[in-house]
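The values are calculated or read from the model by the stated rules, or taken from the named source; none is laboratory data. What you are looking at is a predicted structure, and each value in this text was computed from that prediction instead of being measured. Please note: Cβ atoms are built from the backbone with ideal geometry, for glycine as well, and neighbour counts cover all protein chains shown.
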Amino acid sequence: MDFHAWGSYETTLKDTTLIIPIVSTANLPQLAVDLLISSLQLETVGILDSHFLHPVVGGREDGQDGVTTPLEVYGRQGFPFHLIQQRSPVIKSRKRECVDALFKFITNSGFSAVLILSGLDLSNRVDAHMYTPAYHLIPTQISPASIASSPLSLITSTIPPFSTSSTTEPVLPSSGITPLILKSLPSTQFPPTALILQYVLEGDNREDASLLATIVARVIGSQPFAWKEPESWMQGLFGTPHDQTLFG
């Protein structure tokens, strides 16, 4: 997965935390990343090779020149983290290639930690997960000690762990390629990695996105602030409003 720096930004990915939103139910991770980008005034620092994803382009925020692509990296000078924004799902037959390429990008870039965001289908929530909609999950390949000494150390005190009665792999309904990532994660030579999982139903998910973005901000140590919805939400989130004269 080749990375192409954008413009004149002096990209330094090494020793920063990478936040990855997985295309999953309600597109909740994408909405949360939208809020983080808009509120923190992050800028595009580069694009990633997206031939594993369904092709899509769109306009940029705030009338900026150019178009958006399926897989872009955002950041800001002096910030200890970068975000990927994924705008289309992975092609079904290329999921394994995509995950392998993502792992290679993470390793080669020298990230200090990886935080993965995924939505889960609320209608499949079990009794043990009725306490709160959001949970954290540390992959079995990652030691809790490495998380405790990483930039993700606050995750265990921010939200409860994702408990499961399964003795094998956790059941993550409607979570996209999240299970494949968990199953394929390298056991060595990989930065500390954790997941934030949030149950959600399809609909107006702005409040759900605000909750997830708030959790992410706390985990990465950002100061509390008011969320700023991006301009694209005003027109594109639910489509063009109906002409009210149609209804008399």
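Below are the figures for this structure:
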{"item": "Subset of region 182-214 (residues that are crowded, with 17+ Cβ neighbours inside 10 Å, assigned to a helix (DSSP H, G or I) and touching a helix residue (DSSP H, G or I) at 6+ places or on another chain (Cβ under 6 Å))", "result": "Asp208, Ala209, Leu212, Ala213"}
{"item": "Qualifying residues in region 108-126 (those that are of a type in the set (S, T, N, Q) and at pLDDT 95 or above) - the one surrounded by the fewest Cβ atoms within 10 Å (Cβ to Cβ)", "result": "Ser112"}
{"item": "Region 42-69 residues that are on the phi > 0 side of the Ramachandran plot, paired with ones that are part of a helix (DSSP H, G or I) (beta carbon under 7 Å, 6 or more apart)", "result": "Asp62/Glu231"}
{"item": "Condition broken by Ser123, with the remaining ones in (1) part of a strand (DSSP E or B); (2) within 18 Å of Val200 (Cβ to Cβ) satisfied", "result": "(1)"}
{"item": "Selection count where residues are out of contact with any Leu (no Cβ under 8 Å at 6 or more places or on another chain), crowded, with 19+ Cβ neighbours inside 10 Å and of a type in the set (Val, Ile, Thr), scope region 168-180", "result": "1"}
{"item": "Hits in region 142-178 - residues which are touching a strand residue (DSSP E or B) at 6+ places or on another chain (Cβ under 8 Å), assigned to a loop (DSSP other than H, G, I, E, B), closer than 13 Å to Pro192 by Cβ and polar (S, T, N, Q)", "result": "Ser150"}
{"item": "Test: Ile159 is crowded, with 18+ Cβ neighbours inside 10 Å, over 22 Å from Gln189 (Cα atoms) and out of contact with any Pro (no Cβ under 6 Å at 6 or more places or on another chain)", "result": "yes"}
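For (1) out of contact with any Gly (no Cβ under 8 Å at 6 or more places or on another chain); (2) at pLDDT 90 or above; (3) surrounded by 15 or more Cβ atoms within 10 Å (Cβ to Cβ), each residue gets a yes or a no:
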{"position": "Thr25", "(1), (2), (3)": "no, yes, yes"}
{"position": "Pro29", "(1), (2), (3)": "no, yes, yes"}
{"position": "Arg60", "(1), (2), (3)": "no, no, no"}
{"position": "Gly66", "(1), (2), (3)": "yes, no, no"}
{"position": "His82", "(1), (2), (3)": "no, yes, yes"}
